[in-house]
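The next block holds one structure in the form of structure tokens; read it before the comments.
The values are calculated or read from the model by the stated rules, or taken from the named source; none is laboratory data. Given the structure is predicted, the values throughout are model-derived calculations rather than measurements. Here Cβ is always computed from backbone atoms with ideal geometry, including for glycine, and neighbour counts include all displayed protein chains. SASA here: full protein model, heavy atoms, side chains in, ligands and nucleic acids out. Shrake-Rupley method; radii C 1.70, N 1.55, O 1.52, S 1.80 Å.
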Amino acid sequence: MINQIEHVRRVWILLILRATRLCGFATISAKTFHRLALFSNSLAPTNHVEAETAKVLKTDYGPYFPDYQVELDRLVGLQLIDVVDLKWQSEDGRFISKYRISNAGMSFLDLAIQKLNLIAQSERAVSETISAFAEYQIDKEKETATVDANYGIDTLQIGELVDYGEWIDAHNYATEAAEYMAGAWQNRQSLKLSPEDSEYEVVTYERSQVFQLELEPDDLYELPSSHLNRAAVYLYAQYIQSKLSGLIRSYIQSAPQ
Amino acid sequence: MAIIPNKVGAASKADLLANAKSFSGTQIGAAFSVERVIGHLVNFVRQSFASKTLPVSNHPCVIAFVISPNLEDDYNTSTFKAIHRGLTADSSIKESDLLNRVILISQNGTAGAVSNTTFLSFQTQLDFIYTEFQKNILVIFHMDTPRYEVWLQGVINGVSYKTKLSITDGILEGSNLIDRLNEFDSEWINAQMGINKLWSHSSSYVPCLNTEKEIQTHLHCWLQASDARSVAISEVPNSAGRADLWIRYRSDEAQNSAIIELKVLREKHHHVDYKSAKNVSMEANKKAAKSAVSQANAYRTKLGTSRALACIFDMRKPPCDAQIINEAEAIATQKNVTLRSTQVTNNVGSIR
């Protein structure tokens with residue numbers, strides 16, 4: 001018998017795989033899945049939805065959600081997810097495979113989204129995030145996840161948990177960075193700081209990097225039709241691609257409240 | 001069923017439509033809604049033609065997009081070649097790569113594949129689509145007129161519908177904005193799509209849950225798709241509250257923007273069991289109409305826009321008492337707010 005949390009987790013996993021299928025790449029590796037799970041969870045508050053899981057394990061092959069992997073494999077057993085390219089990886093001593101949502105999984109989820117408002121809300125949040133990141137080849141970029149504002153915190157070592165909302169005092173830098181960028185976008189400001197403003201002196205090297213990231217109006221207008229929260233997620237995806245979201249985090253940490 | 005303009009003609013179009021699959025856009029603000037993917041496609045076509053304005057070809061031509069809910073399976077390398085960064089990191093598609101071809105596109109509009117074959121006539125193009133993708137939604141760009149049109153076709157809950165979305169060169173200001181809003185009324189609100197989405201039990205005048213939000217989402221996407229140089233933003237926070245829609249143009253000047261506030265007048269409240277739905281009082285409707293005007297005015301001040309529009313969607317049972325609209329109109333005139341009132345129909349018969 002599985003508990004309620006596991007039910008919710010399974011739905012969240014299916015939502016991620018449904019979104020990747022609708023984005024045009026149905027089959028994804030476990031590594032890509034865990035990265036998308038990280039982004040969908042850490043940016044969920046941007047879409048006014050609580051993260052399903054607000055902690056992730058830092059491993060040498062990227063972010064990893066042990067609970068998600070267990071449920072992912074259980075969903076394969078339930079035939080809601082198909083396994084593709086199953087291989088034995090001798091160096092790690094484990095099977096690796098690619099996953100895709102099955103037609104049964106799609107039908108189940110479509111019905112659940114129509115009938116249950118809570119799942120529909122989560123669908124919006126997950127779909128927006130996956131849709132934003134689907135434009136980038138996150139599986140091919142080795143550093144994609146490591147520049148995430150939460151995951152990329154330097155003080156945390158491999159094997160440690162990154163907590164971005166599980167405990168009360170935990171900080172979700174990804175959401176803060178995304179909302180900060182959306183705010184700048186809304187007000188048509190560049191993200192660069194004012195050089196004249198002495199209050200921002202604390203940010204030195206990072207600031208000079210942020211300077212280079214001034215958003216051009218043309219870039220902004222190319223954003224897809226935007227709810228502000230959608231713009232936030234898209235901007236964050238862009239910054240992840242630029243490998244500079246950690247610098248935005250540094251800026252937020254340093255800026256006066 | 002005249003879905004496709006007569007000038008192009010197609011014997012198999014009825015078959016194509018009869019087999020079209022319902023598009024799962026039931027959620028508010030879905031990342032994979034038809035309107036949103038159209039916005040993407042419009043930008044895609046513009047970029048491919050290296051044009052910020054409308055591509056107008058010298059000769060009649062058609063680009064047919066088939067929206068695939070399962071691109072990976074539909075994509076056949078012998079018939080198609082991959083395009084766009086989602087699949088190939090190639091975003092350098094040119095005009096000649098698109099004209100008279102069939103483009104298979106993912107449901108968020110970012111990944112796709114273009115047919116290796118060009119089609120000499122629209123008929124052969126449709127035949128190809130019918131053979132290969134009979135269950136999918138089709139979006140057709142006609143580019144033989146200065147104002148080109150996108151035709152959507154599909155089936156919602158077993159009922160065929162059509163949507164025509166006009167895209168013009170004019171930015172969303174002045175009469176052009178009003179034209180787009182009027183078009184939204186006739187092509188979405190009072191068409192099969194709107195009727196299907198806005199009513200919980202139409203014959204009893206019971207609206208769906210969160211009607212205003214549903215209209216806001218679709219109008220937002222509609223306006224965004226209408227002109228790529230304007231940006232439509234929804235739920236814009238400001239010190240007076242949250243503005244429903246904010247239209248901004250490619251300009252730094254504050255006067256080139258408009259605020260739109262939406263309100264719905266209802267006959268009944270939403271209820272899962274339509275027989276238990278309670279009536280909405282006249283006072284509540286009156287308050288909603290007046291607040292649309294006052295909020296539009298307040299947001300204009302706070303956000304520094306030049307224009308404020310209050311759009312009222314009247315879902316009451318006709319004949320409706322005109323007093324509410326008249327009173328709101330008087331306030332709108334006083335505050336220099338453009339008031340639009342749309343009667344929302346509850347059945348397909350009344351729009352034929």
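Selection of segment A:10-28 for residues being open to solvent by 30 Å² or more (accessible area, probe 1.4 Å) and either over 21 Å from residue A:233 (Cα atoms) or away from chain B (no Cβ under 14 Å) (or both) yields A:10, A:27.
Listed residues A:104, A:120, A:125, A:132; which is modelled with pLDDT under 85, within 14 Å of another protein chain (Cβ to nearest Cβ), within 23 Å of residue A:15 (Cβ to Cβ) and assigned to a helix (DSSP H, G or I)? Break it down stepwise before answering.
On the way: A:104 fails: modelled with pLDDT under 85; A:120 fails: modelled with pLDDT under 85; A:125 fails: modelled with pLDDT under 85.
After applying the criteria, what remains is A:132.
Within segment A:154-183, if we keep just the residues that are without any contact (Cβ under 8 Å) to a residue 24 or more places away in the chain and of a type outside the set (Asp, Glu), the residue that is least open to solvent (accessible area, probe 1.4 Å) turns out to be A:183.
A quick yes/no check of all residues on (1) touching a Gly at 6+ places or on another chain (Cβ under 8 Å); (2) in a loop (DSSP other than H, G, I, E, B):
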position	(1), (2)
A:5	no, no
A:8	no, no
A:12	no, no
A:31	yes, no
A:52	no, yes
A:56	no, no
A:71	no, no
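For segment B:138-228, please list each of the strands (runs of 3 or more DSSP E) lying entirely inside it that holds at least 2 residues being at pLDDT 55 or above, among the basic types (Lys, Arg) and within 14 Å of residue B:37 (Cα to Cα). Counting at least 2 such residues, we get no strands (runs of 3 or more DSSP E) at all. Applying the set (1) away from chain B (no Cβ under 14 Å); (2) surrounded by fewer than 16 Cβ atoms within 10 Å (Cβ to Cβ) to residue A:111 leaves exactly one unmet item: (1). The single condition among (1) more than 9 Å from every other protein chain (Cβ to nearest Cβ); (2) touching a Phe, Trp or Tyr at 6+ places or on another chain (Cβ under 9 Å); (3) modelled with pLDDT of 75 or more that residue B:105 does not meet is (1).
Across segment A:51-72, the qualifying residues are those that are open to solvent by 50 Å² or more (accessible area, probe 1.4 Å) and modelled with pLDDT under 90, and the one among them that is farthest from the chain's Cα centre (by Cα) is A:60. On the basis of being surrounded by 13 or more Cβ atoms within 10 Å (Cβ to Cβ) and among the β-branched types (Val, Ile, Thr), does residue B:272 make the cut? No; evaluated as a whole, the condition is false for this residue.
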